[in-house]
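**Q** Let me give you the structure first, and then I'll get to my questions.
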Amino acid sequence: ALRSRSGRSIINGNWAIDRPGRYEGGGTMFTYKRPNEISSTAGESFLADGPTNEVLDVYMIHQQPNPGIHYEYIIPGDNVISPQLLAHRRPGEPLNGQLGMPESTNHEDEDLHREADTLTGQSAGTFPVIQPGRFPSHQPENQVPAVQPPRQNREHNWKQIGKTECTTTCGKGSQYPVFHCVNRITHEEVSESYCDSSTKPIPEEEACNLFPCPAFWDIGEWSECSKTCGLGMQHRQILCRQMYANRTLTVQQYRCHHLEKPETTSTCQLKICSEWQIRTEWTSCSVPCGVGQRTRDVKCVSNLGDIVDDEECNMKLRPSDIENCDMGPCAKSWFLTEWSDRCSAECGDGVRTRSVVCMTNHVSSLPLEGCGNNRPSETTPCNNGPCAGKVEWFAGGWTQCSTECGSGTQQREVICVRKTDGNFDVLNPYECSYLEKPPSQQSCYLKPCGSKWLHTEWSTCSKSCEGGFRVREVRCLSDDMTASTRCDPQLKPEEKEPCNTQDCTPEIDENCKDKYYNCNVVVQARLCVYTYYKTACCASCTRVANRQSGFLGRR
């Protein structure tokens, strides 16, 4: 862009792009060129012959790497004229590149012009004979010029018969007079060979069609689309221009009001943008209680429906595919399995076992203090009848594993016996204390359980009589004590059951008796609210109070 120091824009001003052409500014005329950006690699340029009469500023804005600026300029210099050049210069020759005025008037040439005008019979100035540079050669002062022979009268001369067509139909064009050779008397056109070519006038340029051309809308090129994909906007500059003297000038817009003004903005779309699509709903929270996370599937999809890399979509607009979820505070409880069906000993005392787990968020196993110190027992005694036994440790066979799956225990009876004829007498264990006692318990593992139901202890009954209910929490857990969905629903323990279904009966207090025979009158008069009557008619007032509380409970 080009602008004067006073702030007046000359080329590409006010953030608008001008068309290539000629623009006046700084006392000179600038030629602005902008090659086709697609077919040419040349840059923009402007050129002026100068000189400039004010300081001009050149501005450049670029979005790509600066390709560089090339500039040339000419500064004025002193015209140094050599004395030898002045001594040998002929009249009419250029002086230091400029055409000088003749040093003296050549009277002989003036006489020649007047003689030509007299011979043609026309007044002076009708057919001007102007030939720049027709000055006689410089001759030495001691040489006498040759005498020119007198001109003879001729029958033909040059005559202006018209003008050329104007170069423009408006806005100041140019045209030239047309001279033909004619008969001096009849004015009939003849061949130019009849006239002296040296006397033919030189056509001078004349202005024509001086009235201004109609103003018109000069439409600039569309700018780049504001968006690389999707719907954007593009702009172009619309200027009211007028042609005059082969120059296109920008004028006030009211001069173009007779024309419909073209649009300066337009929508554009280079291509359809890829967009984010949410492919799935949110998953369930990752934890049954506490704070966890949930996810969903978010993909970048092209306008053809194909899944493309995320970089194809606007990352700033990407929907979230993971978020936190709060399932509420976790309750810490002991979870138990049912007691094993088998006793650890085939005879004598043994135990039955069950699994006990403390669970909270993420269903993890915690130390004892996680659910408190009242940890339920994992074993319970059992007895399948007495056993017989010599002085030695006698170990019975291992019982079946306490669990059908997962980790369990096996028991066996280890006793001190004395062998008699065909019999064994069981002795006190201290009788065999000097012997190494075999282990009576070992761990066992038959197969993985997969998943199994665990439950908490029953809660307190909701009512003490006339039918209440109690609840417990039941969960399906895998071998590693994580939540599972593989348990058999038909084997799921009950989570709620009725309790205390017996009728409510008031407790009989031996000291609560009626002291008067007419306590029914006290009840009817509603005097039981007073302490004296409540004590004197204790039995009657108590029965009324129980009936009222039972009625309100049933409501």
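**Q** Go from 0 up to the bin containing the longest alpha carbon distance in segment 452-499, width 10 Å each, and give me the % of pairs per bin.
**A** Going out from 0 Å in 10 Å bins, segment 452-499 shows 26, 40, 23, 10, 0 percent.
**Q** Tell me the label-point distance for the pair Asn546, Cys465, using the 7 Å Cα-to-Cβ offset, in nm and rounded to one decimal.
**A** Taking the simple label geometry, Asn546 and Cys465 are separated by 0.6 nm.
**Q** If R0 is 22 Å, what FRET efficiency do you get for Glu206 and Arg247 from their C-beta distance, rounded to 0.05?
**A** It comes out at approximately 0.70.
**Q** In whole Å and largest first, what semi-axes does the C-alpha gyration tensor of segment 143-281 yield when each eigenvalue is scaled by 5 and square-rooted?
**A** Taking √(5λ) for each Cα gyration eigenvalue gives 68, 18, 14 Å.
**Q** What number in nm² do you get for segment 370-498 if you take the convex hull of its Cα atoms and divide its surface by four?
**A** Spelled out: convex hull of the Cα atoms, projected over all directions, averaged, 13.4 nm².
**Q** Next question. Once the piece of chain linking Ser433 and Lys513 is laid out straight, how much longer is it, given 0.36 nm per residue of separation minus the C-alpha distance between them?
**A** 22.0 nm
**Q** By accessible area of protein heavy atoms, probe 1.4 Å, what ranking do Lys316, Lys463, Lys515, Lys332 get, highest first?
**A** The ordering from most to least exposed comes out as Lys316, Lys515, Lys332, Lys463.
**Q** While we're on this one: Give me the accessible area per residue for segment 246-349, probe 1.4 Å, as a whole number in Å².
**A** Here the per-residue accessible area is 70 Å².
**Q** Once phi is turned into θ = phi - 60°, what whole-Hz ³J(HN,Hα) does the Karplus curve with 6.51, -1.76 and 1.60 give for every residue of segment 454-463, x standing for Gly and Pro?
**A** The phi angles translate into 10, 9, 8, 5, 5, 6, 5, 5, 5, 9 Hz.
**Q** Hey, if we sort Arg236, Arg470, Arg547 by accessible area with the 1.4 Å probe, largest down, what's the order?
**A** Arg547, Arg470, Arg236
**Q** Normalised by the number of residues in segment 214-270, what is the relative contact order in percent for Cα pairs under 8 Å and 6+ residues apart?
**A** Relative contact order here is 43 percent.
**Q** Give me the 1.4 Å probe accessible area per residue for segment 391-446, excluding ligands and nucleic acids, in Å².
**A** On a per-residue basis, 65 Å².
**Q** What do you reckon, how do Thr168, Thr250, Thr485 stack up by accessible area (1.4 Å probe), largest on top?
**A** The ordering from most to least exposed comes out as Thr485, Thr250, Thr168.
**Q** Using only the alpha carbon atoms of segment 217-318, find the Kirkwood hydrodynamic radius as the inverse mean reciprocal pair distance, in angstroms to one decimal.
**A** Every distinct Cα pair counted, the radius reaches 18.6 Å.
**Q** Something else about it: Could you tell me how many cubic angstrom of Cα convex hull volume segment 157-208 has per residue?
**A** 75 Å³
**Q** Ignoring ligands, DNA and RNA, what percent of the accessible area of segment 286-327 is carbon or sulfur (1.4 Å)?
**A** Solvent-exposed carbon and sulfur of segment 286-327 make up 45 percent of the total.
**Q** Under 8 Å for C-alpha pairs, at least 6 residues apart: give me the relative contact order for segment 452-499, rounded to a whole percent.
**A** The normalised contact order for segment 452-499 reaches 42 percent.
**Q** Compute the length gained on full extension between Ala395 and Asp425: take 0.36 nm times their separation in residues and subtract their Cα-Cα distance, giving the result in nm to one decimal.
**A** 9.4 nm
**Q** By the gyration tensor of its Cα atoms, with a ≥ b ≥ c the square roots of the eigenvalues, what is the shape of segment 423-555: rounded for a/c under 1.5, prolate for a/b over b/c, or oblate?
**A** Oblate, since a/c reaches 1.5 and b/c is not below a/b.
**Q** Restrict the search to segment 260-354; then list the GluC sites (Glu not before Pro) that DSSP places in a loop and that have at most 14 other Cβ atoms within 10 Å of their Cβ.
**A** Glu260, Glu263, Glu281, Glu338
**Q** Using a 1.4 Å probe on the protein chains only, how many percent of the accessible area of segment 391-446 belongs to carbon and sulfur?
**A** 47 percent
The values are calculated or read from the model by the stated rules, or taken from the named source; none is laboratory data. All of these numbers come straight from a predicted model, not from anything done at the bench. Quick reminder, even Gly has a Cβ in these numbers, built from the backbone with ideal geometry, and neighbours come from all protein chains shown. Accessible surface is based on the protein model in full, side chains and every heavy atom, while ligands, DNA and RNA are left aside. Shrake-Rupley method; radii C 1.70, N 1.55, O 1.52, S 1.80 Å.
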